[in-house]
Amino acid sequence: MKKTCAHFVLFLMSVFLNKNAYTKNEKANTNFIDYIGYSNCIKLENKNTRVILGPHCGGRILEYSWKGQNTIYLDPAHDGWVYHADKPIIDPSGGRFDIGPESIIPKHPKLWLGKWTAEIIDSHSARLISTEDEVTGTQLTREFQLDKLSSRLICKQIIKNVSNETKTFCHWGRTFAVGEGICLIPLTQNSRFPEKYIMYGPGPVMNYRPEDPNIRIRDGMLEIIGTPKRPKLGMDAYTGWFCYLMKNDLMFIKRYPTYPNRVYNEMAALTISIWYYKDKVCELEPIGPMETILPGQSASFTEEWWIIPYEFPSQRTEVNLERVKQAVNLELK
């Protein structure tokens with residue numbers, strides 16, 4: 001009996017020690033670091049994936065990498081840049097988020113470019129918080145949670161109405177991914193657009209009958225296989241995910257909720273926008289529905305991200321769409 005009790009005590013001590021070791025290891029995965037000219041960025045990390053959050057210029061993701069390969073496009077000219085009202089404005093690179101509608105929301109540099117607050121929540125979670133913005137009457141909070149084992153990153157944006165008036169805004173994801181990739185968007189039936197997408201330009205024109213050799217539809221998938229004639233595109237698909245194949249043999253997946261029975265208040269009622277600029281950058285933009293937010297109330301929208309290894313096709317016109325769907329479904333299940 002004494003021997004059994006001694007074994008049990010040793011077992012409990014082992015569990016306690018292992019638990020403490022695990023906890024210490026977990027805590028080490030989230031901390032503050034210096035990065036591209038900024039101090040006190042937050043690092044979230046597991047075995048293969050690293051996320052760097054920057055609060056200095058609009059609350060951005062500066063790195064989302066798989067085994068050291070960053071999927072996020074960063075312009076080195078922006079390293080260490082901070083906003084001052086009396087200096088020229090930049091359009092920052094990185095994993096950006098915003099609120100819309102794009103063409104009617106007033107300019108809001110405090111949200112888009114200003115300094116935010118960074119907080120660590122726990123071993124794999126953090127948040128970025130804006131100041132209150134008198135122009136839009138909002139305060140934004142972005143919460144990020146990296147899975148302990150996989151590349152899954154949950155990105156939640158909360159829009160709080162800090163004014164005395166009811167506000168109508170929408171979520172607008174504006175992630176800059178590295179350029180020269182292939183964007184694949186599964187389509188749904190009953191698109192309002194004859195070609196299943198629109199192309200912006202020249203100027204304020206929204207072309208609903210575009211013709212472009214680098215954009216095609218095949219097996220229910222819209223493929224952007226190269227630089228289009230004009231960079232900004234819009235879709236109204238409700239499938240709730242799309243992916244981007246990159247030349248560094250990675251696939252960037254985004255999943256997000258869609259609401260076919262709700263109002264989308266971008267001018268063309270888009271659920272997705274893609275900005276494919278030459279061979280430099282591709283902006284991956286889920287768009288949320290219109291949120292009517294009463295004073296003191298909040299609305300939120302959540303994007304889920306994954307990075308997985310995926311061999312870039314030797315010929316851009318020969319993407320194996322069935323293989324892509326299978327790879328995506330394995331992550332989304």
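Return yes or no: is Glu304 over 23 Å from Gly173 (Cα atoms) and of a type in the set (Asp, Glu)? If you could, list the steps in order and put the result at the bottom.
Working: over 23 Å from Gly173 (Cα atoms): no; of a type in the set (Asp, Glu): yes.
No, not satisfied.
Against the conditions (1) among the aliphatic types (A, V, I, L, M); (2) within 21 Å of Thr258 (Cα to Cα); (3) under 20 Å from the mean Cα position of the chain (by Cα), Ala327 satisfies every one except (2). In region 84-106, the residues that are on the phi > 0 side of the Ramachandran plot reach residues that are aromatic (Phe, Trp, Tyr) and not in a loop (DSSP other than H, G, I, E, B) with C-beta atoms within less than 9 angstrom, at least six apart or across chains, in these pairs: Gly94/Phe176. Does region 278-297 hold any residues that are farther than 20 Å from Thr258 by Cβ and crowded, with 16+ Cβ neighbours inside 10 Å, and which are they? Hits for region 278-297 are Val281, Cys282.
Have a look at Ile253, Ile224 and point out the one that is crowded, with 21+ Cβ neighbours inside 10 Å and within 21 Å of Pro194 (Cβ to Cβ). Show your work before the answer.
On the way: Ile253 fails: within 21 Å of Pro194 (Cβ to Cβ).
Step by step, each of Ile253, Ile224 is checked, and only Ile224 is crowded, with 21+ Cβ neighbours inside 10 Å and within 21 Å of Pro194 (Cβ to Cβ).
Could you tell me which residue of region 92-114 is farthest from the chain's Cα centre (by Cα), considering only residues that are part of a loop (DSSP other than H, G, I, E, B), small (Gly, Ala, Ser) and modelled with pLDDT of 95 or more? Within region 92-114, the match that is farthest from the chain's Cα centre (by Cα) is Gly114.
Select from region 93-119 the residues that are in contact with a Leu (Cβ under 9 Å, 6 or more places away or on another chain) and among the aliphatic types (A, V, I, L, M) and write down the one among them that is farthest from Cys170 (Cα to Cα).
Of everything passing the filter in region 93-119, Ala118 is farthest from Cys170 (Cα to Cα).
Among the residues of region 57-92, those identified as surrounded by 13 or more Cβ atoms within 10 Å (Cβ to Cβ), of a type in the set (A, V, I, L, M) and in contact with a strand residue (DSSP E or B) (Cβ under 9 Å, 6 or more places away or on another chain) are Ile61, Leu62, Ile72, Leu74. Please find, within region 121-161, the residue that is nearest to the chain's Cα centre (by Cα) out of those that are farther than 22 Å from Ile42 by Cα and either surrounded by fewer than 17 Cβ atoms within 10 Å (Cβ to Cβ) or among the charged types (D, E, K, R) (or both). That would be Lys160.
For beta carbons closer than 6 Å, sequence separation of 6+ or different chains, a first residue in region 307-333 that is within 23 Å of Arg152 (Cα to Cα) and touching a residue at least 24 places away in the same chain (Cβ under 8 Å) and a second that is of a type in the set (Val, Ile, Thr) and exposed (fewer than 15 other Cβ atoms within 10 Å of the Cβ), there are no qualifying pairs.
Residues that are more than 21 Å from Asn265 (Cα to Cα) and among the small types (Gly, Ala, Ser) within region 132-172 comprise Ser150, Ser151, listed in sequence order. Figure legend. Inter-residue proximity from region 122-134: first residues within 22 Å of Asn31 (Cβ to Cβ), second residues modelled with pLDDT under 95 and assigned to a strand (DSSP E or B), beta-carbon distance below 7 Å, spacing 6+ or different chains. Indicated pairs: Ser123/Thr30; His124/Thr30; Ala126/Thr30.
Going residue by residue through region 115-131, is there one that turns out to be under 24 Å from Tyr264 (Cα atoms), modelled with pLDDT of 95 or more, assigned to a loop (DSSP other than H, G, I, E, B) and in contact with a strand residue (DSSP E or B) (Cβ under 6 Å, 6 or more places away or on another chain)?
no
The values are calculated or read from the model by the stated rules, or taken from the named source; none is laboratory data. All values reported here derive from a predicted model rather than from experimental measurement. For neighbour counting, all protein chains shown are included, and Cβ atoms are generated from backbone atoms with ideal geometry for every residue, glycine included.
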